[in-house]
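Below is one structure; the comments refer to it alone.
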Amino acid sequence: MATVIEAPKKYFSKDLTSLFLAGGITNCPDWQSELIKYLKNEEDLVIYNPRRANFPIHDPNAAKEQISWEYDYLKKCDMISFWFSKGSLNPIVLYELGRHGNSQNKLIFIGMDKEYERKQDVIIQTKLDRPDITIVYSLKDLAKQIQQVL
């Protein structure tokens, strides 16, 4: 069974393959839960999920803690899956794709909802930097790509 680490919990093992779920949270459906369901039976996999069950919105330190947690695990993890969901332009995810996905030699997977508004931008930028990446349009297909590597 895969181990799921939810922000802001601290955990890292060099002995296990690690996957960060980069994608929208605010004004976005809980796509993370769906992707985790597809991957839950994978052995020796740690999934870093930045979506918290309860984000303390009134805590002035919560945003810094969240952003720092994401920053640390995006750098540490072996693989990153990017999901661009409808409902938001996903500005932080676009940043993360540029910073951690297209500008580094890290194993990445990219998927997007067919209704994502900036689809063309993601496609063009990815083809320029990482022409080897196949972008998919369902969470099931994104999970299949990840499982093929595992």
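Quick note: the coordinates plus some simple rules give every number you see, no bench work behind them. Bear in mind that the values here come from a model prediction, so they are computed numbers and not experimental data. Counting neighbours? That spans all protein chains shown, and the Cβs are built from the backbone with ideal geometry, glycine included.
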Q: Can you tell me which of 70-80, 8-18 comes out highest on packing, and rank the rest after it, using the mean Cβ neighbours within 10 Å?
A: 70-80, 8-18
Q: Answer with a single label: of (i) 16.1, 52; (ii) 32.8, 110; (iii) 14.5, 43, which was calculated as Rg and Dmax of the Cα atoms in Å from the structure in view?
A: (iii)
(Q) Please report the net charge: other residues with Cβ closer than 13 Å to the Cβ of Asp15, K and R +1, D and E -1. (A) -2
Q: Can you grab the distance from the C-alpha centre of the range 74-112 to the C-alpha centre of the range 34-56, Å, no decimals?
A: 16
Q: Search the structure for amide H atoms under 5 Å from the amide H of Arg130, placed 1.01 Å from N in the peptide plane, and list their residues when 5 or more places away or on another chain.
A: none
Q: Given the peptides 130-138, 109-117, 23-31, 35-43, arrange them by the average over their residues of other C-beta atoms within 10 Å, most packed first.
A: 109-117, 23-31, 35-43, 130-138
Q. For q = 0.21, 0.22, 0.24, 0.28 Å⁻¹, what log10 I(q)/I(0) does the range 4-63 give under the Debye formula with an equal point scatterer on each alpha carbon and no solvent?
A. -0.89, -0.96, -1.08, -1.30
Q: List every residue whose amide H lies under 5 Å from the amide H of Ala2, counting only residues 5 or more places away in sequence or on a different chain, with H placed 1.01 Å from N in the peptide plane.
A: Asn41, Glu42
Q. How large is ³J(HN,Hα), in whole Hz, for each residue of the range 143-150 in order, when computed from phi with the Karplus curve 6.51 cos²θ - 1.76 cosθ + 1.60 and θ = phi - 60°, using x for Gly and Pro?
A. 4, 4, 4, 5, 5, 5, 7, 6
Q) Residue by residue through the range 49-54, which ³J(HN,Hα) values in whole Hz follow from phi under the Karplus form 6.51 cos²θ - 1.76 cosθ + 1.60 (θ = phi - 60°), with glycine and proline marked x? A) 10, x, 6, 8, 4, 9
Q | Amide H contacts under 5 Å for Ser18, placed H, 5+ residues apart | A | Val46, Asp78, Met79
**Q.** Unit charges at the beta carbon, dipole of the range 111-150: most positive-side option, Met112, Thr126, Ile146
**A.** Ile146
Q.
Just want to confirm a number: the relative contact order over the range 1-127, from Cα pairs under 8 angstrom separated by 6+ residues, in percent.
A. 31
Q.
As a footprinting exposure proxy, order Leu142, Leu89 by other Cβ within 10 Å, with the fewest listed first.
A. Leu89, Leu142
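Are any of the pairs Lys14/Lys140; Lys10/Lys114; Lys37/Lys106; Lys14/Lys86; Lys76/Lys119; Lys14/Lys114 more than 30 Å apart by Cα-Cα distance, and if so, which?
Working: Lys14/Lys140 27 Å; Lys10/Lys114 34 Å; Lys37/Lys106 24 Å; Lys14/Lys86 34 Å; Lys76/Lys119 27 Å; Lys14/Lys114 35 Å.
Lys10/Lys114; Lys14/Lys86; Lys14/Lys114, as the Cα separations exceed 30 Å there.
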